[in-house]
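**Student:** Take this structure, written in structure tokens, and hold onto it; I'll ask about it next.
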Amino acid sequence: MWLLPSPMLRSFTNLVTIATVDPLTGKVTAIALGEATITARVSATDYYNAGTISYKVLVAQITLSRTSFTMPQWHGYNIRANVAPEAADQNVTWTSSDENVAILNNAKTQSGETNWINAQNPGTATITAKAGKLSVSITVTVKKEGYVSFDNYQIFKTPDAAQFINNFNHQGDATLTFSSSNPQVATVNATTGEVTIVGKGWTQIKATPSTLETDEYCYGGSYYSYELTVREAIVFDAGTIAASSSELCANLIDGNVNTKYRAYTWNKSGGVWYCEFHIDTENPVWINGYQLVSGDNVWNNPGLNPKNWKLKAKANQADEWTVVSEVNNYSWNGWSQEYQWFYLDTYIQCKYFRFEVSENTDGNEFELSEIMFWWY
């Protein structure tokens, strides 16, 4: 507040968006950042005095979107700082007391913008956000990452399949409990993870830690899971020659992404690599799409991926093949065992399939892990 001398009978400001002034008392009230000229006069024509006043709105409060917490090593969590009032400087400066434990993506942000805390090594660090002369801090504790990983994340079984265990790796010291989201499809031993097939359909097999945080570990997920589909078998009929005896064309439809088909250009037949197979049902089924899974070597050689292909289908063995999907110049992300879904224009009823790859991305070698279908 700024008070004009008492003899002033009238006062005004040239920018009311910056400040207002009481015409009788001369009391100036700040509205926003900036400068305004305050003028006072004693008559309609005589100016008594004029002056320019500027001010800075101070930060009154800074709050964080998180309180102190624990995070697993190598994980990243978001955080935001909010500055009040809005007229104050909205720049926020961030620091970590120990960057060997936790680092921040950005040293500076604006109020309300997202920053990221990235866990490095086990330990404790203080994360501080400062705006104006005010600052606020939280404590971040980093522990070893607890997790569960499975050999396969999508498994296909037939109704008569034997009991099985999807091999897993458990990093951590919490107790795991296994469960099935649909016991009418499969049940699972809560302690060992052994699965028993009950009927057709889909279920999710979960491994849930007894606690998300122990003295040494912090789990990044509340549970870890894989998908199990129980359906009729897909039967291999014919296909092109493979590069080796362990990387056969039949691997494309074995329901296991950890096997694959690999072949060379000179293994093509009629200008394509192909795989023919059928679904072991009495009658044709309805499908509306398919999924391809790339091989495990494409991270080192993206040229192995298919680039141009066709999916052909027919309802009866004696029928002619019909192209139900054609893809050209497809660009993969280059990940190992990359899942990509391809929808058909409409549902089709079929039983027999022929998958043809006319060109791979680059080079003389082609590789693919799996062709997957869901049917009705």
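**Student:** Would you confirm whether or not segment 317-332 contains a residue that is at pLDDT 95 or above, under 26 Å from residue 155 (Cα atoms) and crowded, with 17+ Cβ neighbours inside 10 Å?
**Tutor:** Checked against the condition, which is being at pLDDT 95 or above, under 26 Å from residue 155 (Cα atoms) and crowded, with 17+ Cβ neighbours inside 10 Å, segment 317-332 yields at least one hit.
**Student:** State all residues of segment 244-267 that are open to solvent by 30 Å² or more (accessible area, probe 1.4 Å) and either touching a Pro at 6+ places or on another chain (Cβ under 7 Å) or small (Gly, Ala, Ser) (or both); if no residue qualifies, say none.
**Tutor:** The answer is 244, 245, 246, 250.
**Student:** Quick one: which residue in 174, 161, 129 is within 23 Å of residue 279 (Cβ to Cβ), in contact (Cβ under 8 Å) with a residue 24 or more places away in the chain and among the small types (Gly, Ala, Ser)?
**Tutor:** Step by step, each of 174, 161, 129 is checked, and only 161 is within 23 Å of residue 279 (Cβ to Cβ), in contact (Cβ under 8 Å) with a residue 24 or more places away in the chain and among the small types (Gly, Ala, Ser).
**Student:** When you scan segment 289-310, do you find a residue that is surrounded by 20 or more Cβ atoms within 10 Å (Cβ to Cβ), touching a residue at least 40 places away in the same chain (Cβ under 8 Å) and more than 26 Å from the chain's Cα centre (by Cα), even just one?
**Tutor:** yes
**Student:** For residue 355, indicate whether it is in contact (Cβ under 8 Å) with a residue 60 or more places away in the chain and not acidic (Asp, Glu).
**Tutor:** When the stated conditions are applied, residue 355 passes them.
**Student:** Kindly list the number of the only condition in (1) part of a strand (DSSP E or B); (2) touching a Ser or Thr at 6+ places or on another chain (Cβ under 9 Å); (3) surrounded by fewer than 18 Cβ atoms within 10 Å (Cβ to Cβ) that fails for residue 236.
**Tutor:** (2)
**Student:** Now, a different point. Go through (1) open to solvent by 40 Å² or more (accessible area, probe 1.4 Å); (2) more than 17 Å from residue 341 (Cα to Cα); (3) in contact with a strand residue (DSSP E or B) (Cβ under 7 Å, 6 or more places away or on another chain) one by one and return the number of the condition residue 227 breaks.
**Tutor:** (2)
**Student:** So which of 157, 143 is among the basic types (Lys, Arg), closer than 18 Å to residue 230 by Cα and either open to solvent by less than 70 Å² (accessible area, probe 1.4 Å) or at pLDDT 95 or above (or both)?
**Tutor:** Of the residues listed, the single one that is among the basic types (Lys, Arg), closer than 18 Å to residue 230 by Cα and either open to solvent by less than 70 Å² (accessible area, probe 1.4 Å) or at pLDDT 95 or above (or both) is 157.
**Student:** Kindly list, by first and then second residue, each pair from a residue in segment 190-206 that is free of Cβ contacts under 8 Å to residues at least 12 places away in the same chain to a residue that is among the polar types (S, T, N, Q) and surrounded by 14 or more Cβ atoms within 10 Å (Cβ to Cβ), limited to pairs with Cβ atoms under 8 Å and residues at least 6 apart or on different chains.
**Tutor:** none
**Student:** How many residues does segment 268-288 hold that are in contact with a strand residue (DSSP E or B) (Cβ under 7 Å, 6 or more places away or on another chain) and open to solvent by less than 60 Å² (accessible area, probe 1.4 Å)? Steps first, please.
**Tutor:** Pass one, segment 268-288, residues in contact with a strand residue (DSSP E or B) (Cβ under 7 Å, 6 or more places away or on another chain): 271-280, 284-288.
From the residues that got through so far, the ones that are open to solvent by less than 60 Å² (accessible area, probe 1.4 Å) too are 271-279, 284-285, 287-288.
Residues that pass the stated criteria total 13.
**Student:** Identify, please: which residue in segment 333-371 is assigned to a loop (DSSP other than H, G, I, E, B) and under 17 Å from residue 255 (Cβ atoms) and is, among those, least open to solvent (accessible area, probe 1.4 Å)?
**Tutor:** Taking segment 333-371 first, the residues assigned to a loop (DSSP other than H, G, I, E, B) are 333-338, 351, 361-364, 369.
In the following step, the residues that additionally are under 17 Å from residue 255 (Cβ atoms) were identified as 337, 369.
Details: 337: 58, 369: 2 Å².
For segment 333-371, the residue satisfying everything is 369.
**Student:** While we're looking at this one, here's another question. Going residue by residue through segment 262-271, is there one that turns out to be closer than 27 Å to residue 314 by Cα, at pLDDT below 95 and not small (Gly, Ala, Ser)?
**Tutor:** No, segment 262-271 contains no residue that is closer than 27 Å to residue 314 by Cα, at pLDDT below 95 and not small (Gly, Ala, Ser).
**Student:** Out of the residues in segment 97-133 that are hydroxyl-bearing (Ser, Thr, Tyr) and surrounded by fewer than 19 Cβ atoms within 10 Å (Cβ to Cβ), state the one that is modelled with the lowest pLDDT.
**Tutor:** Of the residues in segment 97-133, the ones hydroxyl-bearing (Ser, Thr, Tyr) are 97, 109, 111, 114, 124, 126, 128.
Add one more test, that the residue is surrounded by fewer than 19 Cβ atoms within 10 Å (Cβ to Cβ), and what stays is 97, 114, 124, 126, 128.
Values: 97: 97, 114: 94, 124: 98, 126: 98, 128: 97.
Per the stated criteria, the residue is 114.
**Student:** Further question: So residue 337 ticks every box in (1) at positive phi; (2) over 24 Å from the mean Cα position of the chain (by Cα); (3) not small (Gly, Ala, Ser) but one. Which box is left unticked?
**Tutor:** Condition (2) is where residue 337 drops out.
**Student:** Out of the strands (runs of 3 or more DSSP E) lying entirely within segment 106-222, which hold 3 or more residues that are under 17 Å from residue 69 (Cβ atoms)?
**Tutor:** 114-119, 123-131, 134-150, 217-219
A quick yes/no check of all residues on (1) touching a strand residue (DSSP E or B) at 6+ places or on another chain (Cβ under 8 Å); (2) polar (S, T, N, Q):
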position: 293; (1), (2): yes, no
position: 296; (1), (2): no, no
position: 303; (1), (2): yes, no
position: 310; (1), (2): yes, no
position: 315; (1), (2): yes, no
position: 318; (1), (2): no, no
position: 322; (1), (2): yes, yes
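The values are calculated or read from the model by the stated rules, or taken from the named source; none is laboratory data. Small disclaimer: the values here were computed from a predicted structure and weren't measured. Note: ideal-geometry Cβ built from the backbone for every residue, glycine included; neighbour counts use all protein chains shown. These accessible areas exclude ligands, DNA and RNA; they are computed on the full protein's heavy atoms, side chains included. Shrake-Rupley method; radii C 1.70, N 1.55, O 1.52, S 1.80 Å.
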